[in-house]
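A.B. asks: One structure is given below, represented as structure tokens, and several questions about it will come after.
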Amino acid sequence: MASSKFGMLDRLLHRREIARWSKAARQANDAELETLRLQRQHARQLRGKLEHLIHVADSRLALPRIGSNAFSRPGGTLWSWRPQLWRGPLGQRGLAAAASKTPLGEEVVLYHDCKISELTLRQVRNLREEDLAPFGLQMDVFRFDGSFLSLVLEMPKKAVDGLQRRHLIQLRTILETEKAIEVFARLNIKHGPNTEQIVLELPVDKDEIVVEFDLAYSDLNEKRVEKMWVDLIFEGPEMNQIMIRDITFCRYPRAEL
């Protein structure tokens, strides 16, 4: 009963506020300047709070839900991961003229060798029905005077716990570009003083990209594995928009013959 009364009172106060501001808007052309100045100050304060509320509400109420870790995993998966950038909101969602070694959250870092950066990055909310990741990454590249552009994804320690040469590392991503470019994924595994590297080209003409890094073809020292990361390398990115709507990783054993 108390909840019902509070709801009715809340609606009544809301209608009075709407009526008050509607009246102020109608009378703005004839209001005294001192009154108008005070109303403008109050309206700006209110607008800031309302815009913040709308932004948070749109983000939380939209699907897929923030924090979602739902994605396809092969049978026998031992470890799986979606980086935080694609799971939840970052403290800083947009960057203009992004410098090399710019971090995007705690797991993704931008690298390039441009003298003048004309790169912008923005975390965007995924709203399409087919999207499983709550967020995506939009990268706009204008003039590009460098020789390389890459995103480095640092994997958590659990990624290499028990890592063996009989394992496969699957990368699954949804990647869109305005113009066709070559994109490569390089898996790096540090073991002792050495770093094992496996490079695969991503078939960007597909709606969903799935590639597998087969560790059987590596010289991995299983007893000295320390960490693992992936470089996404973009060739000839000038005057292009690159959208990474999702990216996930899984580790699982190769099927025994």
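Readers should treat all values here as calculations from the given coordinates under stated rules, not as data from a laboratory. These figures come from a predicted structure and were not determined experimentally. In this analysis, Cβ positions are derived from the backbone assuming ideal geometry, glycine residues included, and neighbour counts consider all displayed protein chains.
A.B. asks: Can you figure out the FRET efficiency of residue 161 with residue 30, using R₀ = 51 Å and their beta-carbon distance, to the nearest 0.05?
C.D. replies: So the FRET efficiency works out to roughly 0.10.
A.B. asks: Please report how far the C-alpha centroid of region 160-237 lies from that of region 101-124, rounded to the nearest whole angstrom.
C.D. replies: Each part reduced to its Cα centre gives a spacing of 20 Å.
A.B. asks: Stretched out fully, how many nm does the piece from residue 78 to residue 241 gain, at 0.36 nm a residue minus the Cα gap? Mind showing how you got there, number by number?
C.D. replies: Details: separation 163, 0.36 × 163 = 58.68 nm, distance 3.45 nm.
Gain in length upon complete extension: 55.2 nm.
A.B. asks: Non-local amide H neighbours of residue 202 (under 5 Å, H modeled in plane, Pro and chain starts lacking H): which ones?
C.D. replies: Amide H neighbours of residue 202: 183, 184, 185.
A.B. asks: I want to verify the translational diffusion coefficient of the chain in µm²/s; compute it with Stokes-Einstein, Rh as the Kirkwood radius over Cα pairs, at 20 °C and 1.002 mPa s.
C.D. replies: This corresponds to a translational diffusion coefficient of 99 µm²/s.
A.B. asks: Count of lysine pairs in region 79-253 with Cα atoms under 25 Å apart, counting only pairs 8 or more residues apart in sequence or on different chains?
C.D. replies: For region 79-253, qualifying lysine pairs total 15.
A.B. asks: Place the peptides 46-52, 177-183, 148-154 in order of packing, highest mean first, counting for every residue the other Cβ atoms within 10 Å and averaging per peptide.
C.D. replies: Packing order, densest peptide first, comes out as 148-154, 177-183, 46-52.
A.B. asks: Answer with one residue from 19, 152, 81: the one whose Cα lies farthest towards the positive end of the charge dipole of the chain, charges on Cβ with Lys, Arg +1 and Asp, Glu -1.
C.D. replies: The residue sitting most towards the positive pole is 19.
A.B. asks: Okay, moving on. Averaging sequence separations of C-alpha pairs under 8 Å and six or more residues apart, then dividing by the length of region 79-253, give the relative contact order as a whole percent.
C.D. replies: Relative contact order for region 79-253 comes out at 30 percent.
A.B. asks: Would you mind working out the magnitude of the charge dipole of the chain relative to its Cα centre, with +1 at each Lys and Arg C-beta and -1 at each Asp and Glu C-beta, to the nearest 20 Debye?
C.D. replies: Taking the Cα centre of the chain as origin, the dipole is about 1620 debye.
A.B. asks: Quick one: what are the phi-derived ³J(HN,Hα) couplings along region 28-43, Karplus 6.51/-1.76/1.60 with θ = phi - 60°, whole Hz, x for glycine and proline?
C.D. replies: 4, 5, 10, 6, 4, 4, 5, 5, 5, 5, 5, 5, 4, 4, 5, 5
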